[in-house]
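Below is one structure, written out as structure tokens, with a few remarks after it.
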Amino acid sequence: MERVFKVVLVGGTASGKTSLRNFLLHRTYTWQHTPTNNPDFVSTSVALNNGELAAVQIWDTADLLTTNSLVQDADGIILVIDGTRRESLLLLEQLWSALAADSSGPRSISMVPVILARTKVDMHQNIDCVQAKEYCRSVLGIDNIVCIPASARTGEGIATLFQTIVEQCQMQAQAACAPEQDKLILDSRPSRHGDPIAYHRFDVDEGPNGKRKYRINSSRFRYTIRRLLCLT
Ligand SMILES: Nc1nc2c(ncn2[C@@H]2O[C@H](COP(=O)(O)OP(=O)(O)O)[C@@H](O)[C@H]2O)c(=O)[nH]1
Ligand SMILES: [Mg+2]
């Protein structure tokens, strides 16, 4: 079975998220800005350096609330900044801290590969990649982030952008499938309900009478199944 990577575009409004995805899919560009109201995804494939094609689901996002739930089981995140507007970099602090604070997902956001797209390079730039990378390190706590200059008008950098995030997703998936990681899942069995799937599938609430209640957690369940099968 082919592994499909879920990649989410995250960034402020009008940073160029929808345009990047449209260019990848249709090789087209429009001057018009139509705010994205609802997040949605498209399925496509991305050509990798080794000549292979990788299947991806690319999610376009709207507001922070829906973005939060979307990144919970993402395989990769592209932070999009508009290189002509410094504010689009500065607002990442609020965005990222909200995503990082949400612990309802199957794993910490620090485990998810993240890269930076500095868009609109066909216009005069007010931020460069050195500044953007330093901001990600010092403010967001993301070291050595890859920053890719891109333009949805000329197409510059777009193939590299999606190729890079998918390759990082693959590397992360392979690391998650290393034998010591399998052991980690199996060792994390609780004593009473000794099945590793059950462990990750439920959130446990302690009732007033000391009885445990189990609530199903579907994103954890999906993630655990993926890890157990080690689909890469
Ligand atoms: N010159 C230029 N304009 C762009 C580029 N990417 C997006 N835009 C424009 O920026 C505006 C916002 O783009 P959009 O993709 O809708 O941003 P989103 O809100 O992040 O999805 C639109 O008017 C686009 O035409 C680019 O690479 N170059
Ligand atoms: Mg949009």
Summing Lys, Arg as +1 and Asp, Glu as -1, what charge do residues with Cβ under 13 Å from the Cβ of THR13 carry, THR13 excluded?
-2
For the range 1-96, which trypsin sites (Lys or Arg not before Pro) are both in a DSSP coil and crowded by at most 11 other Cβ atoms within 10 Å?
ARG27
For the range 58-143, what does the alpha-carbon gyration tensor say about shape, rounded, prolate or oblate, given a ≥ b ≥ c as the root eigenvalues, a/c under 1.5 as rounded, and a/b over b/c as prolate?
prolate
Can you list which of the GluC sites (Glu not before Pro) found in the range 27-131 are DSSP loop residues with at most 16 other C-beta atoms within 10 Å?
GLU52
Run a plain Debye calculation on the range 1-59 (Cα atoms as equal point scatterers, no solvent) and give log10 I(q)/I(0) at q = 0.13, 0.18, 0.30 Å⁻¹, rounded to two decimals, same order as the q list.
-0.39, -0.70, -1.38
With R₀ set to 35 angstrom, the calculated FRET efficiency between the beta-carbons of ASP128 and THR28, to the nearest 0.05, is 0.80
Neighbour-limited loop hits for chymotrypsin sites (Phe, Trp or Tyr not before Pro), the range 1-61 (at most 12 other Cβ within 10 Å; DSSP other than H, G, I, E, B)
TRP31
Taking amide hydrogens as modeled 1.01 Å from N in the peptide plane, which residues meet the under 5 Å criterion relative to ILE142, leaving out close sequence neighbours?
ARG137
Under 12 Å, Cβ to Cβ, from ILE145 - net charge with Lys/Arg +1 and Asp/Glu -1
+1
Could you work out how much longer the chain between VAL42 and ASP143 gets when fully extended? Use 0.36 nm per residue separation minus the Cα distance between them, nm to one decimal.
33.4 nm
Across every pair of different alpha-carbon atoms, what Kirkwood hydrodynamic radius in Å does the range 4-176 reach?
16.0 Å
Can you run phi through the Karplus equation (6.51, -1.76, 1.60; θ = phi - 60°) for the range 113-124 and list ³J(HN,Hα) in whole Hz, with x for Gly and Pro?
x, 10, 10, 10, 10, 9, 8, 6, 5, 6, 10, 4
State, to one decimal in nm, how far the label point of ALA101 lies from the label point of GLN57, with both points 7 Å from Cα in the Cβ direction.
2.8 nm
Taking amide hydrogens as modeled 1.01 Å from N in the peptide plane, which residues meet the under 5 Å criterion relative to ILE77, leaving out close sequence neighbours?
VAL8, VAL114, ILE115
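Every read-out reported here was derived from the displayed coordinates using simple, explicitly stated rules and does not represent laboratory data. Just so it is clear, the model here is predicted, and its values are computed rather than measured. With ideal geometry, Cβ positions are generated from the backbone for all residues, glycine too; neighbour counts draw on all protein chains shown.
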